[in-house]
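The values are calculated or read from the model by the stated rules, or taken from the named source; none is laboratory data. Remember, it's a predicted structure, so these values are computed and weren't measured experimentally. Using ideal geometry, Cβ is built from the backbone for each residue, glycine included, and neighbour counts are taken over all protein chains shown.
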Amino acid sequence: MIGWLRKAIQSLLTRDVQFPLTFLFERLLLKTIQVRQMKIPQNLYENYHAHVYFNAQTIAQAEQLCVEAGRRFKVKVGRVHRKIVGPHPHWSCQLAFNAAQFQELILWLEQNRNGLDILIHGLTGDDLEDHTVHASWLGEPQKLRLGFFSAYTQSQ
């Protein structure tokens with residue numbers, strides 16, 4: 001039995017089999033990098049918001065993350081909303097910051113979010129575009145309640 005197993009392993013390690021496996025691995029790695037790059041926010045605007053999403057089980061974690069971000073980076077920390085607010089599909093806390101704070105803050109948030117999803121968007125004066133076109137994510141993208149913007153516009 002051992003001889004058969006050794007022979008099977010050796011046949012898998014021949015160049016003919018390694019090439020397709022290496023090729024598939026490289027393609028998978030490239031795809032992962034491409035997907036990851038799409039999620040990394042870019043510093044393109046003067047001012048930004050980051051919305052940290054949480055629920056009843058992660059509220060303490062989110063609150064600690066936001067307070068620490070405020071302390072470390074001197075960003076403005078908004079209220080910890082324990083309800084759905086605006087277009088956001090989850091409870092959230094807003095961080096307000098500028099382009100000079102962007103790089104260090106985003107890197108720190110990515111390293112310390114521990115599974116929390118964070119919407120990052122530039123502030124251009126167009127709320128709908130800010131939350132869609134000018135938005136990127138740390139973590140899993142969430143479906144925003146975009147109907148909020150048409151209801152908000154109609155009430156103005």
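Can you name the residue in the range 66-83 that is part of a loop (DSSP other than H, G, I, E, B) and more than 19 Å from the chain's Cα centre (by Cα) and, of all such residues, is nearest to residue 127 (Cα to Cα)?
Let us first name the residues in the range 66-83 that are part of a loop (DSSP other than H, G, I, E, B), namely 74-75, 82-83.
Retained after the next criterion (residues that are more than 19 Å from the chain's Cα centre (by Cα)): 74, 82-83.
Values: 74: 24, 82: 22, 83: 20 Å.
Filtering the range 66-83 for residues that are part of a loop (DSSP other than H, G, I, E, B) and more than 19 Å from the chain's Cα centre (by Cα), the one nearest to residue 127 (Cα to Cα) comes out as 83.
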- Taking the condition buried (at least 17 other Cβ atoms within 10 Å of the Cβ), under 16 Å from residue 42 (Cβ atoms) and out of contact with any Ser or Thr (no Cβ under 8 Å at 6 or more places or on another chain), does residue 149 pass? no
- Identify, by number, the condition in (1) over 15 Å from residue 44 (Cα atoms); (2) more than 14 Å from the chain's Cα centre (by Cα) that residue 99 doesn't meet. (1)
- Out of (1) assigned to a strand (DSSP E or B); (2) within 17 Å of residue 62 (Cβ to Cβ), the one residue 136 does not meet is (2)
- Message: I need the full set of residues from the range 68-124 which are farther than 16 Å from residue 135 by Cβ and either outside the structural domain of residue 51 (by TED's automatic domain parsing) or of a type in the set (S, T, N, Q) (or both), in order please.
- Response: 98, 101, 103, 111, 112, 114
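Is it fair to say residue 115 is within 25 Å of residue 143 (Cβ to Cβ), exposed (fewer than 13 other Cβ atoms within 10 Å of the Cβ) and at pLDDT below 95? Reasoning before the result, please.
On the way: within 25 Å of residue 143 (Cβ to Cβ): yes; exposed (fewer than 13 other Cβ atoms within 10 Å of the Cβ): yes; at pLDDT below 95: no.
No, not satisfied.
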- Message: Just the residues that are over 12 Å from residue 49 (Cβ atoms) and either β-branched (Val, Ile, Thr) or touching an Asp or Glu at 6+ places or on another chain (Cβ under 9 Å) (or both), please, taken from the range 86-123.
- Response: 90, 99, 106, 108, 112, 117
- Query: Residues of the range 42-87 being closer than 13 Å to residue 101 by Cβ and of a type in the set (S, T, N, Q), which ones?
  - Reply: 43, 47
- Looking only at the range 105-133, and only at residues there that are polar (S, T, N, Q) and free of Cβ contacts under 8 Å to residues at least 40 places away in the same chain, the one that is farthest from residue 63 (Cα to Cα): 132
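Filter the range 90-112 down to residues that are crowded, with 21+ Cβ neighbours inside 10 Å and part of a strand (DSSP E or B), then give me how many there are.
Final tally of qualifying residues: 4.
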- Query: Of all residues in the range 56-85 being in contact with a Phe, Trp or Tyr (Cβ under 6 Å, 6 or more places away or on another chain) and farther than 17 Å from residue 137 by Cβ, which is surrounded by the most Cβ atoms within 10 Å (Cβ to Cβ)?
  - Reply: 75
